[in-house]
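In what follows, a structure is listed as structure tokens, so that the remarks can point back to it.
The values are calculated or read from the model by the stated rules, or taken from the named source; none is laboratory data. The model shown is predicted, which means the values in this text are computed figures rather than measured ones. Reconstructed Cβ throughout: ideal geometry from the backbone, glycine too, with neighbour counts over all protein chains shown.
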Amino acid sequence: MRLPFVSFALACALVGSGSGSALAQATAATPSTDPGAALREAARTGDLAAVRRSLDAGTPVDAPARHGQTALQFAAEGGHAEVVQLLLARGADVNSRERFFGVTPLAAALGGQHRALALLLLARGARDVADAIEVALETKDEELLAAALAGGHLAHLDALAARAEAERRGMAEFAARLAAATPPRTPRPAVATGAEALAKLAGTYDVRGGGQATVAVAESGLRLARPGAAELLLRPVGDRVFETADGSAELAFGGRAGTVEYVLLNEAGVLTRMGPPAGPMQALATAAAAETAPRQRGPARPWPQFRGPGASGVADGQGVPRTWNIASGAGVRWKAPLPGLALSSPVIHGGRVFVTSATSAKGDATFRTGLYGDGTSVDDLSEHVFKLHAFDAASGRLLWEREVFRGAPTVRRHLKSSLANATPATDGERVVVLFGAVGALAAFAVDGTPLWKQDVGVLDANDPQSGSAEWGHASSPVIHDGLVFVQGDRRADSFLAAYALKDGALAWRVARDETSTWATPGVLRGPQGAELVTNGRTIRGYDPKTGAVLWTLGPNSEVVVATPVIGDGVAYVTAGYPPIRPVYAIRAGSRGDLTLPDGVRSSAAIAWSHARGGTYIPSPLLYDGHLYTLNNNGVLSCYRADDGTPLYQTRIGEAGTSFSASPIAADGALYLASETGDVFVLKAGPTPELLHKNTMDEVVMATPAASDGLLIVRTLGHVVALTEAAALAQGGK
């Protein structure tokens with residue numbers, strides 16, 4: 001779909017969450033079923049000889065991937081000029097458009113900041129010139145502007161919008177050139193569009209800047225109504241593009257994988273941006289009086305893996321504090337610095353806190369928080385030191401640290417990631433760590449004695465299609481019944497494996513038809529025994545003893561991050577990336593294909609489900625009969641866990657606040673840590689109520705851990721132990 005004067009980068013910003021490269025979001029077919037896979041891989045890596053051999057062997061030059069990506073798009077995005085020239089010489093379509101983002105080779109080159117290639121593609125007939133003009137205005141690039149105008153492909157409304165933008169920027173010469181190149185207004189002919197396709201676009205949309213607009217099916221097109229403005233009757237003139245009969249206004253619908261995530265109205269060059277409404281939001285009430293009574297503490301319970309016992313995120317009876325003050329030191333038991341850059345969470349067992357780190361010799365600490373769609377990789381392949389650290393939980397004293405691996409990684413990380421994202425796992429005697437960037441799985445005794453080490457292969461967690469953007473492995477190891485499970489989803493040759501906890505010997509390993517995922521597996525216990533639940537494009541249950549697949553479930557998002565949460569014989573699995581954002585409640589003991597028929601929300605195997613509402617990065621939380629999901633943008637949703645009834649949606653923090661850490665719960669309260677370091681403490685239950693807001697004064701990306709009177713928070717630079725202020729004053733835990 002051609003967007004009116006909207007670049008690919010702007011499209012990513014509009015959809016707004018951790019997408020990636022221009023070709024990032026579709027899963028490629030395997031080479032055995034896709035004759036063009038080898039050609040596209042060679043184009044992606046810039047292997048000119050392999051591209052030539054593939055073409056000479058008869059591979060179609062535009063052989064598409066699952067969502068229509070071609071070798072030319074991959075080569076353009078990677079900046080491989082010789083490959084681009086060869087593909088064009090062999091007849092590659094310079095205007096091919098993949099179907100997930102709607103990206104063309106020119107948009108891919110521009111997104112990769114490959115200016116020379118963009119100029120080449122424009123000279124060879126690329127027609128999506130609005131993208132190039134926007135970049136030319138942003139960079140004040142006269143040559144790029146001239147190249148974009150030379151082909152005569154600029155549409156009337158796009159030209160008016162570009163001219164208005166140039167004038168807004170005070171670029172008089174650019175505005176004059178655009179005015180001279182503006183073609184006359186020529187209405188495009190209508191195209192036939194089915195009633196079902198039109199109905200999918202109808203609805204209410206929030207207008208950026210305030211107000212709402214209504215889109216309704218009218219005659220063979222759409223009617224747009226807005227308060228204080230005349231109604232517009234629009235005819236379909238392209239793929240989800242509509243225009244008034246006189247050509248004075250255009251309405252374009254955009255979004256990943258055919259979803260509607262934004263709408264752009266161009267009225268004589270004036271752009272209005274709209275998006276689907278967020279849904280009814282319940283106000284987050286503030287507690288009338290601050291509650292400061294110390295938490296009741298029972299026996300110490302360890303926090304042995306990512307999100308604690310069984311990945312539940314629950315720490316009842318551990319005396320977890322609700323308030324603290326980093327600046328004054330109130331409630332701060334200790335604060336220990338950590339080297340390098342790592343986002344793994346801490347674990348706690350036997351009076352020790354274990355956490356990993358990755359330190360770059362280059363010292364590149366490039367990192368960016370917030371809500372954005374930039375999937376850029378940080379270019380740091382210098383020598384890294386990967387370590388496991390053990391701190392005394394009571395004092396913060398470093399007990400020991402062990403080097404797990406030293407060397408230059410072969411994979412990069414995302415701007416909002418690290419090369420040490422996987423959280424350790426412990427059974428109280430051994431601590432297991434996984435550094436996917438270098439394929440190192442290792443175990444140590446809790447006193448630091450090395451026990452064993454396995455090379456599991458580099459887990460290159462890349463964008464799920466092109467592999468041109470590397471994002472960093474994240475799935476954490478899980479210990480169960482004497483085995484260590486590793487979910488090794490990566491760009492190719494994904495697998496699930498089990499290793500013996502005592503000596504690291506491989507117990508079993510099975511292939512997975514998955515590209516990169518970032519979720520940790522969960523163990524679901526039921527009447528027929530345990531099931532290892534993995535999130536992915538296909539959700540699966542495995543026999544943890546053998547690796548045999550017990551059941552499968554789809555559809556699911558293209559990019560999967562959230563870890564399943566287990567409770568009461570049900571696995572709750574969610575994902576928040578297009579084309580669907582589901583929430584599933586899967587009963588233990590199910591077998592076979594559990595996929596629901598269209599329009600059906602439950603079955604004997606599926607207690608309930610929602611096709612929408614799934615969240616992207618933070619994992620869900622099951623607590624006291626309620627399921628909570630937290631999205632990157634701070635929208636917290638609460639459901640009844642037994643039947644999925646939605647109870648509320650509320651926004652945590654101000655607009656623009658972003659969350660990556662998963663929520664945890666303790667003693668009737670929810671803890672939600674934002675990327676900017678604010679920790680919101682809410683009352684658990686069917687109505688949202690804010691009890692406290694604390695700040696860590698540092699970026700927080702890792703999920704906190706809680707045990708034995710302590711809340712352990714890992715910031716970008718420290719491990720911080722928080723406790724009840726009264727207990728601290730008395731000298732206890």
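Limited to the range 472-498, what total is found for residues that are touching a Gly at 6+ places or on another chain (Cβ under 7 Å) and assigned to a loop (DSSP other than H, G, I, E, B)?
4
For the structure I just gave you, tell me whether LYS387 is without any contact (Cβ under 8 Å) to a residue 24 or more places away in the chain and under 28 Å from the mean Cα position of the chain (by Cα).
No, not satisfied.
Taking only pairs six or more apart or across chains, which ones have beta-carbon atoms under 8 Å, a first residue in the range 70-97 that is farther than 20 Å from GLN113 by Cβ and modelled with pLDDT of 95 or more, and a second residue that is buried (at least 23 other Cβ atoms within 10 Å of the Cβ) and among the hydroxyl-bearing types (Ser, Thr, Tyr)?
ALA92/THR70; ASP93/THR70; ASN95/THR104; SER96/THR70; SER96/THR104
Pick out the one residue from TRP334, TRP324 that is within 22 Å of THR657 (Cα to Cα) and at pLDDT 95 or above.
The unique qualifying residue is TRP324.
Test of understanding: among ARG406, ARG430, ARG412, which residue is within 29 Å of PRO578 (Cβ to Cβ) and surrounded by fewer than 22 Cβ atoms within 10 Å (Cβ to Cβ)?
Of ARG406, ARG430, ARG412, the one residue that is within 29 Å of PRO578 (Cβ to Cβ) and surrounded by fewer than 22 Cβ atoms within 10 Å (Cβ to Cβ) is ARG412.
Can you work out which of the residues in the range 580-593 that are assigned to a loop (DSSP other than H, G, I, E, B) and under 25 Å from the mean Cα position of the chain (by Cα) is surrounded by the fewest Cβ atoms within 10 Å (Cβ to Cβ)?
ILE580
Take ALA604 and decide whether it is of a type in the set (A, V, I, L, M), assigned to a loop (DSSP other than H, G, I, E, B) and farther than 30 Å from GLY254 by Cβ.
Yes, satisfied.
Give all pairs with beta carbons closer than 7 Å in which a residue from the range 423-435 that is part of a loop (DSSP other than H, G, I, E, B) meets a residue that is aromatic (Phe, Trp, Tyr); count only pairs at least 6 apart in sequence or on separate chains.
Going by the 7 Å Cβ cut-off, the qualifying pairs are THR423/PHE306; PRO424/PHE354.
What residue, among those in the range 379-396 that are surrounded by 23 or more Cβ atoms within 10 Å (Cβ to Cβ) and of a type in the set (A, V, I, L, M), is farthest from ALA440 (Cα to Cα)?
ALA393
Pick out the one residue from TYR577, TYR572 that is aromatic (Phe, Trp, Tyr) and in a loop (DSSP other than H, G, I, E, B).
Going through TYR577, TYR572 in turn, the sole match is TYR577.
Within 25 Å of TYR623 (Cα to Cα), touching a Pro at 6+ places or on another chain (Cβ under 7 Å) and of a type outside the set (Val, Ile, Thr): is that true of LEU532 in this structure?
Spelling it out, LEU532 is indeed within 25 Å of TYR623 (Cα to Cα), touching a Pro at 6+ places or on another chain (Cβ under 7 Å) and of a type outside the set (Val, Ile, Thr).
Given the conditions (1) surrounded by 16 or more Cβ atoms within 10 Å (Cβ to Cβ); (2) over 29 Å from the mean Cα position of the chain (by Cα); (3) outside the structural domain of ARG714 (by TED's automatic domain parsing); (4) more than 22 Å from ARG99 (Cβ to Cβ), report the number of the one that VAL207 does not fulfil.
(2)
Condition test on GLY709, is it in contact with a helix residue (DSSP H, G or I) (Cβ under 8 Å, 6 or more places away or on another chain) and at pLDDT 95 or above?
Here the answer is yes, as GLY709 does meet what is asked.
List the number of the failed condition for THR214; all other conditions in (1) surrounded by fewer than 14 Cβ atoms within 10 Å (Cβ to Cβ); (2) farther than 27 Å from LEU137 by Cα; (3) at pLDDT 95 or above; (4) not charged (D, E, K, R) hold.
(1)
Under 6 Å by Cβ, and 6 or more places apart or on different chains, what pairs join a residue from the range 607-622 that is more than 22 Å from GLY308 (Cβ to Cβ) and in contact (Cβ under 8 Å) with a residue 24 or more places away in the chain with one that is polar (S, T, N, Q) and surrounded by fewer than 22 Cβ atoms within 10 Å (Cβ to Cβ)?
TRP608/SER602
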